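Novice: Below is one structure. I have some questions about it.
The values are calculated or read from the model by the stated rules, or taken from the named source; none is laboratory data. Worth saying up front: this structure is predicted, and the values here are computed from it rather than measured. Every residue, glycine as well, gets a Cβ built from its backbone with ideal geometry; the counts of neighbours run over all protein chains shown.
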Amino acid sequence: MAKQLTDETIATAENLFREYLRDRGLKYTHERKTVLREVLGNPDHFEAEQLLVDLRQAGRRVAKATIYRTLPLLVNCGILKQVQFGDKLTRYEHTFGQNAHDHMVCGHCHKIIEFSSEDVVRLRTVLASRFRFHALSHRFQISGLCWECVQAAPAGERPFVPTDDAAPRRR
């Protein structure tokens with residue numbers, strides 16, 4: 001779901017990160033800029049180790065410690081989002097300049113399907129109001145099996161997957 005960012009959006013993200021660091025007495029170093037630009041150019045979910053490999057393969061030198069210290073800073077300033085998909089691995093995705101979305105994760109092939117739903121946002125608003133809570137964001141994830149994995153299962157072992165026609169009718 002991540003879209004290609006414009007030069008203007010990247011410059012805005014850099015300014016935001018620079019100000020965030022300055023407000024905390026930290027420096028906007030060349031290494032931090034390299035990490036920021038790499039994550040903004042990555043449309044996928046990624047792990048810190050994979051980011052390190054990608055940077056090294058591209059010939060850009062950034063210390064492993066710098067990556068591990070910079071990623072939480074990018075999360076805290078709102079440029080990255082930390083996500084976990086049930087396998088105990090911490091992944092990241094950039095959210096700056098992107099539409100909010102949620103995830104469905106296949107428990108068999110580990111495919112990640114991103115989706116946006118006004119119904120989810122509406123439910124968050126209703127629940128927050130009911131409990132007198134000011135919601136800033138949410139994480140919603142559906143775990144199950146993707147259609148390809150359901151179809152690949154032997155006929156006798158396939159889980160029931162309701163279609164729109166099989167869905168219970170409201171009365």
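Novice: Out of the residues in region 116-149 meeting the condition of being at pLDDT 90 or above and in a loop (DSSP other than H, G, I, E, B), tell me which one is surrounded by the most Cβ atoms within 10 Å (Cβ to Cβ).
Specialist: Top of the filtered list is Phe133.
Novice: Val35: in a helix (DSSP H, G or I), at pLDDT below 95 and assigned by TED's automatic domain parsing to the domain that holds Leu5, yes or no? Quick ask: steps written out before the conclusion?
Specialist: On the way: in a helix (DSSP H, G or I): yes; at pLDDT below 95: no; assigned by TED's automatic domain parsing to the domain that holds Leu5: yes.
Considered against the rule, which asks whether it is in a helix (DSSP H, G or I), at pLDDT below 95 and assigned by TED's automatic domain parsing to the domain that holds Leu5, Val35 comes out as no.
Novice: If a residue must be among the aliphatic types (A, V, I, L, M) and surrounded by 17 or more Cβ atoms within 10 Å (Cβ to Cβ), how many such residues does region 2-47 contain?
Specialist: Of all residues in region 2-47, those among the aliphatic types (A, V, I, L, M) come to 2, 5, 10-11, 13, 16, 21, 26, 35-36, 39-40.
Now drop any that are not surrounded by 17 or more Cβ atoms within 10 Å (Cβ to Cβ), which leaves 2, 5, 13, 21, 35-36, 39-40.
Residues in region 2-47 being among the aliphatic types (A, V, I, L, M) and surrounded by 17 or more Cβ atoms within 10 Å (Cβ to Cβ): 8 in total.
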